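Q: Quick one: the structure is below, questions incoming.
All of the numbers you see were taken from the coordinates with simple rules; none came from a lab. Keep in mind the model is a prediction, meaning the values are calculated, not measured. Here the Cβ positions follow ideal geometry from the backbone for every residue, glycine too, while neighbour counts run over all protein chains shown.
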Amino acid sequence: MKRALSEYVTAPPARRPLKIFSTDPMLGRTAGNRITIDVANEGLNKGPAGRRVVVIDYDGGHSRFYPPVDLNDPAILMQGGLDPTESDPRFHQQMVYAVAMRTLENFDRALGRVIDFRKKEYQQLRLMPHAFYGANAFYDRDLHAILFGYFRADRNDPGQNLPGQNVFTCLSHDIIAHEMTHAVVDRLKRYFMEPTNEDVLAFHEGFSDIVALFQHFSFQEILRQQIQKSRSDLRSNTLLVELARQFGYATGAGKALRSALDKPEAKLYKTAYEPHERGSILVAAVFDAYFATYQRRIRDLIRIATGGTGELPKGDLHPDLVNRIAAEASATAQQILTMCMRAFDYLPPVDITFGDYLRALVTADYELVPNDEYGERGAMIEAFRLRGIYPENVASLAEESLLWENADPGISGIPLAGQDMLQELFFAAADFGNVSTPWVNWGQQSSATSRPTSSFPEADADMEITSTMAQILHGYAQQNRQYFHLSDDPGIKIEVHGFHPVFRVAPNGQLLIELVVQFAQTNRSFTTELGGLPLRGGTTLIASADGQIRYIISKPLPSANLSPAKKREAEARLDRQRTYLRLTDMADPKLSYYSPQDLLNRMRFRMNLASLHQGIS
Amino acid sequence: MGADSILVRMYDVGFGDCFFVKINVAGATCKMLFDCGSIKAGPRPIGEVVKDVIEAAKDTDLTSRIDVIVATHRHRDHVSGFASPLWNAVEVKEVWMPWTENPDDSAARKIRDSQSKLAAALASNIQRKTALWAASNPTQENPGLTAVANLAANAVSNEAAMQALHEGFAGNPVRRFFPTGNRKDDIFEAPVSKAVLVHVFGPSRDEKVIRDMDPPAGQSYLQLYDGNDPASGGTEPFREDWWMDADPPEVSYLLSSSDRARVNSIGADLDFNLAAALDKAVNGTSLMLMLRIGGQWLLFPGDAQWGTWQAALENPQWKQLLMKTTFYKIGHHGSHNATPVDFVEHTLGNDFLAMASTSHVDQWPSIPKEELLLALGKKTEKIARSDKQMEAPAPTFRVAKDQYIEAEIPLVP
């Protein structure tokens, strides 16, 4: 074959550079505000329309479209993307695509697999940069879309905006990353939007803020600038730790939307119930852990720079020092963010609490990095403790005590023998490595069998397992109900919610392969009592590559076949859900005005992210 | 009227509150009026009820005198009656209102302004939508719109009534606003009689309660419709030459017509949400008072919401006082979240009277909440509701058909 026709010459580049506003358009041409990030290069149609995400610029307020951009246009490619501007809708489409993909890639890398958004009705997640007139942006599960609003800045108190200028939520990196995270979390754990306790919605909000905030630390120029300005004390500066400044100022609030800093108080966790307020506690805890680790990591740099005195010289810091500190800040941020995302696989499928999340964080990190070299895990535990977040049913906050319980080695492993399983693993591995190449059907077989048929009702049709696999797993769960704390009530089915291999690379270069299976069960007899939400239980299994179960993470339904301790746990969960319903009822201004039908489903209304983000509670 | 006693008379105003309280103690008589308003008339229009009240307040010299008029909050269904010019002849000693009504308090002014602006914006927006609907559906009513319209209308300031409360009545009454911010003033002796002790439980000056009084969502809403014609989608995000005349085939096929309809209708629920938030905000300003006379503890919470209740129940001393309640004016016409479960189940004893001034409104089937009335009924039989006069148990309650239900509570010396 001629060299000119070989892969060396014809293979497309791995990355695509695209320009975005890193903080807020209102900062204009301030250094570091207009930056170029890169995303994986995939086949793109006009829109831009990619494999996992597609931008549809439809304006619902005016019932019209704006021209979709072609990011493969040579003129645009030559510049590395359109220049940031508020007045050209095509740049808005570009930015929304770029930040959404960036966020998605962070998840891919952390989770060791490719997340996609295929559903029965939709192939991709839709992003609509100018969907409606309003000071809001939200992920909508039914539309399978993220909808961004636009509005006018407050005439009287616009902050740094022009009074009455157009403000686009789609031009805020923070808002795009936040909403994208909602979409990903919903994809990974679809029951996490059902508010069964006071932490559930708060977790969604807090976690989305964490992702948006930590992505700030990957913007090198801003980072260097801010380190210089704050003389390495990152807590004292605002650009890095504040969210959505333009949005906050534009709505007349006089400050950014939210911030990562707080005064840690155990009392707050007991009294703050509004999801954003409560979510902020989670954000602050994770940031606390980040700062502690960051400070530890730059200690030697400071020692070198100051000859041991620890007192930095007056005036500007040496640029080399700033660069090294920036590198540490950035690397630590990426590490903590990855740690936060990795924890997802170690969560139960339903009814999450902050305490569960802490245990998942600790366990997932322990698996990968048994010795906590930079004290990240320790810092995390301490930060949660300071804020009064204690997991239930643990003896102490020692790391060992926080790990999820190991499964009894006597339990039979996942039945892996058989062609299907190996094929599944192989394709998943190959897919993970090749996310950048254009979407390829791995043979007719893969695409034909990768959607479970609707004749197998137990399997969740949105998850990517073959129906054969789902059947095997279902049988396996039935057999081991006892050990997995699943109810044996014949009226309650076992739903297979997902099975995927996970590939992670430890710092020592070792490849770790794990299998994650999720089962869920639904008891509908409490639905009216619980305001329209059924009572759900479930179990996540973590197994090693040979199928041996290592961890069983369960949220049991009340049922006869449980041990007394687990029975108590199940009853406590139900009680907590009832209490939470009462609490939200007390605070709900609409309670007395619902129609009888709506009243029965009021908890479903409270799942609505649109009104949650509007601040209507 | 020889022996010491308290008369509590609940006038039937339909949907609203009007409670006349006459206290005979230690040789003196103290007359109080808690609210007078209605948004849906009962058997007699509010004008007639006003006449009745003024008549009942007449002394032997045929001059009508009321010692204290309490306006718990400015919702129409609690103040509309005060717009009547007949009040000019009534001699009043004191008018009590929540601190948010204080004309000299800048924080109060901010809240008042915010609430009235929001109420006005909502009302005008709903009016516009109703007109649009009527234009294309002349014979049909839109029940959703009507419901929101009623809810929003309650919050629109009734200027004539508010003016009367702030500046009207004969006898040059003193206007007092509670709580004053000075904790000591929250417990005081009523004018006329040292035997009547008043405890002020709300509205709280707690940050969270204040935030509920001026919801950020409201500010957002105001901004959205401030100077922008919402009919035309609010604002133009881009210059006209960017608008596409036809759908771009590359992406438009991905958006079905039902999807499109859903995107177009974002914000349709906004009015309802905001109206409810505003309702909660104004209710949150309710003056919540406990009167202690002898061994009787009378609780008048107005329409106080969860924020105020929570602050009261979390204060151990106040909770002790609430446990002594012997008369409870059921909050917010018997709605679910104006009487916390905690109060009914763990605070109220078993020896009390309760009265609910309420009436069925079609769009609000949950007011009054039957389960709440049942729960109260389990603790005591002595409950009366204005819309079911005949069921009020005698001899505790006396009924004047279509006019009022009253209870005379003896004061044991």
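Q: Run the quick spin-label model on A:L600 and B:D245: label points 7 Å from Cα toward the beta carbon, then report their separation in nm to one decimal.
A: 5.1
Q: Out of every Cα pair in the range B:162-217, what percent are spaced more than 15 Å from each other? Don't jump to the answer; show the numbers that get you there.
A: On the way: 995 of 1540 pairs.
Roughly 65 percent, once rounded to a whole number.
Q: What is the log10 of I(q)/I(0) for the range A:505-617, computed with the Debye formula using one identical point scatterer on each Cα and no solvent, at q = 0.15, 0.17 Å⁻¹?
A: -0.82, -0.92
Q: Taking the beta-carbon count within 10 Å as an exposure proxy, list A:H182, A:H276 from fewest neighbours to most.
A: Numbers: A:H182 25, A:H276 19.
Result, fewest neighbours first: A:H276, A:H182.
Q: Work out, in µm²/s and without decimals, the Stokes-Einstein translational diffusion coefficient of the range A:63-183 at 25 °C, 0.890 mPa s, Rh from Kirkwood over C-alpha pairs.
A: Details: Rh = 15.7 Å.
Once the numbers are plugged in, D ends up at 156 µm²/s.
Q: Taking Cα atoms of the range A:356-404, Rg/Rh with Kirkwood Rh, to two decimals? Please report the intermediate quantities before stating the final value.
A: Details: Rg = 9.9 Å, Rh = 10.8 Å.
Taking Rg over the Kirkwood Rh, I get 0.92.
Q: Please compute the Kirkwood hydrodynamic radius over the range B:263-360, one decimal place, Å, based on all pairs of different Cα atoms.
A: Values: mean 1/r = 0.0679 Å⁻¹.
Kirkwood radius, the range B:263-360: 14.7 Å.
Q: Among A:F107, A:G134, A:S218, whose Cα projects farthest towards the positive end of the dipole of chain A, with charges put on the beta-carbon of Lys, Arg (+1) and Asp, Glu (-1)?
A: Of the options given, the answer is A:G134.
Q: Eigenvalues of the Cα gyration tensor times 5, then square-rooted: what semi-axes does that give for the protein assembly as shown, in whole angstrom, largest first?
A: Values: eigenvalues 646, 216, 165 Å².
Calculated on Cα positions only, the semi-axes equal 57, 33, 29 Å.
Q: Rounded to the nearest 500 deg cm²/dmol, what is the calculated helix-only ellipticity per residue at 222 nm for chain B, with -39500 (n - 2.57) per DSSP H run of length n ≥ 4? Don't skip to the answer; put the middle values down first.
A: Details: 13 runs with 137 residues, N = 413.
Theoretical 222 nm ellipticity from helices: -10000 deg cm²/dmol.
Q: Residue-wise, which Karplus ³J(HN,Hα) couplings in Hz belong to the range A:478-490, taking 6.51 cos²θ - 1.76 cosθ + 1.60, θ = phi - 60°, and x for glycine or proline?
A: Along the range A:478-490, the couplings run 4, 4, 10, 3, 3, 6, 8, 6, 9, 6, 9, 4, x Hz.
Q: Another question about this same structure. Can you tell me how much longer the chain between B:D342 and B:S124 gets when fully stretched, taken as 0.36 nm per residue apart minus their C-alpha distance, in nm with one decimal?
A: Details: separation 218, 0.36 × 218 = 78.48 nm, distance 3.89 nm.
Residue separation times 0.36 nm, minus the Cα-Cα distance, leaves 74.6 nm.
Q: Note down the net charge around B:L374, summing +1 for each Lys or Arg and -1 for each Asp or Glu among other residues with Cβ under 14 Å from its Cβ. Could the numbers behind the result be given before it?
A: Values: positive: B:K369, B:K378, B:K379, B:R385, B:K388; negative: B:E345, B:E370, B:E371, B:E381, B:E391.
Surrounding charge for B:L374 is 0.
Q: Suppose we keep just the DSSP beta bridges with both residues in chain B; what percent of those would be antiparallel, to 5? Please report the intermediate quantities before stating the final value.
A: Working: 42 of 64 bridges.
Counting DSSP beta bridges with both partners in chain B, the antiparallel share is about 65 percent.
Q: To continue, here is another question. Calculate, axis by axis, the spread of Cα positions in the range B:135-266 along the three principal axes, and write the results as whole Å, longest axis first.
A: Reported extents, whole Å, longest axis first: 81, 39, 27.
Q: OK, next. Could you please rank A:H474, B:H333, A:H130, placing first whichever residue has the fewest other Cβ atoms within 10 Å of its Cβ?
A: Values: A:H474 18, B:H333 24, A:H130 27.
So the ranking, lowest neighbour count to highest, is A:H474, B:H333, A:H130.
Q: Need one number: % antiparallel among DSSP beta bridges in the protein assembly as shown, to the nearest 5. Walk me through the numbers before you get to the answer.
A: On the way: 90 of 121 bridges.
Of the beta bridges lying entirely in the protein assembly as shown, close to 75 percent run antiparallel.
Q: Quick one: Debye curve from the C-alpha atoms of the range A:161-214, no solvent, what's log10 I(q)/I(0) at q = 0.16 Å⁻¹?
A: -0.55
Q: For the range B:246-276 and the range A:383-407, compute the distance between their C-alpha centroids and round to whole Å.
A: Centre-to-centre distance over Cα atoms comes out at 45 Å.
Q: Sticking with this structure for a sec: For the range B:287-413, take N as its residue count and report Rg(C-alpha) divided by 2.2 N^0.38 Å. Numbers along the way, then the final one.
A: Working: Rg = 14.3 Å, N = 127, 2.2 N^0.38 = 13.9 Å.
So the range B:287-413 has a normalised radius of gyration of 1.03.
Q: Farthest toward the dipole's positive end in chain A, which of A:G355, A:H497, A:Q165, given Cβ charges of +1 (Lys, Arg) and -1 (Asp, Glu) about the Cα centre?
A: Among A:G355, A:H497, A:Q165, the one farthest towards the positive end of the dipole of chain A is A:Q165.
Q: Loop sites only, by DSSP: take the GluC sites (Glu not before Pro) in chain B that have at most 16 other C-beta atoms within 10 Å and name the longest stretch containing none of them.
A: So the longest stretch without any such site is B:142-380.
Q: With r defined as the distance between the Cβ atoms of A:T271 and B:D113 and R0 fixed at 30 Å, what FRET efficiency is calculated, to the nearest 0.05? Mind showing how you got there, number by number?
A: Working: r = 29 Å, r/R0 = 0.98.
Plugging the Cβ-Cβ distance into 1/(1 + (r/R0)^6) gives 0.55.
Q: Can I ask one more? About the Cα centre of chain A, how large is the charge dipole given +1 on each Lys and Arg Cβ and -1 on each Asp and Glu Cβ? Please answer in debye to the nearest 20.
A: Numbers: 66 positive and 73 negative charges, 143 e Å.
About 680 debye.
Q: Based on the Cβ-Cβ distance from B:T180 to B:E91, what FRET efficiency comes out when R0 is 22 Å, to the nearest 0.05?
A: Working: r = 25 Å, r/R0 = 1.13.
Efficiency, from the Cβ-Cβ distance: 0.30.
Q: Report the local net charge at A:P13: Lys and Arg +1, Asp and Glu -1, summed over other residues whose C-beta lies under 15 Å from its C-beta. Write down the numbers at each step before the final one.
A: Numbers: positive: A:R15, A:R16; negative: A:E7, A:D38, A:E42.
Charge balance near A:P13 sits at -1.
Q: Residues of the range B:170-198 with amide nitrogen under 20 Å from the 7 Å Cα-to-Cβ point of B:A26?
A: Under 20 Å, as judged by backbone N against the label point of B:A26, lie B:185-198 of the range B:170-198.
Q: If amide H atoms are built 1.01 Å from N in the plane of the peptide, which residues on other chains or at least 5 residues away come under 5 Å of the amide H of A:R64?
A: The answer is A:D59.
Q: Something else now. Can you work out D for chain B in µm² s⁻¹ from Stokes-Einstein, where Rh is the Kirkwood radius over C-alpha pairs, the temperature is 20 °C and the viscosity is 1.002 mPa s?
A: Numbers: Rh = 22.9 Å.
Rounded to a whole number, D works out at 94 µm²/s.
Q: Please find the FRET efficiency linking A:K567 to A:N45, where r is the Cβ-Cβ separation and R0 is fixed at 60 Å, and quote it to the nearest 0.05. Display every interim value, and only then the final one.
A: Working: r = 55 Å, r/R0 = 0.91.
Calculated value: 0.65.
Q: Among A:I298, A:P264, A:A285, pick out the residue whose Cα is farthest towards the positive end of the charge dipole of the range A:254-304, where Lys and Arg carry +1 and Asp and Glu carry -1 on C-beta, about the Cα centre.
A: A:I298
Q: Could you give the distance between the Cα centres of the range A:72-140 and the range A:555-609, to the whole Å?
A: 35
Q: Taking only the alpha-carbon positions of the range A:1-129 and ignoring solvent, what does the Debye formula give for the base-10 log of I(q)/I(0) at q = 0.12, 0.23 Å⁻¹?
A: -0.53, -1.43
Q: Compute the Rg/Rh shape ratio of the range B:1-49: radius of gyration over Kirkwood radius, all on alpha-carbon atoms.
A: Details: Rg = 13.1 Å, Rh = 11.8 Å.
Here the Rg-to-Rh quotient is 1.12.
Q: Quick one: if you stick a label point 7 Å off each Cα along the C-beta vector at A:Y8 and A:K314, how many nm between them?
A: 6.0
Q: If you don't mind, there's one more thing I want to ask. Find, among the trypsin sites (Lys or Arg not before Pro) in the range B:330-413, those assigned to loop by DSSP (not H, G, I, E, B) with at most 15 other beta-carbon atoms within 10 angstrom.
A: Within the range B:330-413, the qualifying trypsin sites (Lys or Arg not before Pro) (loop, at most 15 other Cβ atoms within 10 Å) are B:K388, B:K401.
Q: Would you pull out the residues with amide H under 5 Å of A:R152's amide H, same chain only if 5 or more places away, H placed 1.01 Å from N?
A: Placed amide hydrogens put A:V167 under 5 Å from A:R152.
Q: Just to confirm a number: summing +1 for Lys and Arg and -1 for Asp and Glu over residues other than B:S106 whose beta-carbon lies under 12 angstrom from that of B:S106, what do you get? Write out the running numbers ahead of the final one.
A: Values: positive: B:R109, B:K110, B:R112; negative: B:D104, B:D105, B:D113.
Once positives and negatives cancel, what remains is 0.
Q: Same structure again: Once each part is reduced to its C-alpha centroid, what is the distance from the range A:186-210 to the range B:113-159 in angstrom?
A: Each part reduced to its Cα centre gives a spacing of 35 Å.
Q: Can I ask one more? On the Cα set of chain A, report Rg and Dmax in Å, please.
A: Computed over the Cα atoms of chain A, radius of gyration and Dmax are 24.5, 77 Å.
Q: Rule-of-thumb check for the range A:314-374: C-alpha Rg over 2.2 N^0.38 Å? Intermediate values should be presented prior to the final figure.
A: Numbers: Rg = 16.5 Å, N = 61, 2.2 N^0.38 = 10.5 Å.
Normalised by 2.2 N^0.38 Å, the Cα Rg of the range A:314-374 equals 1.57.
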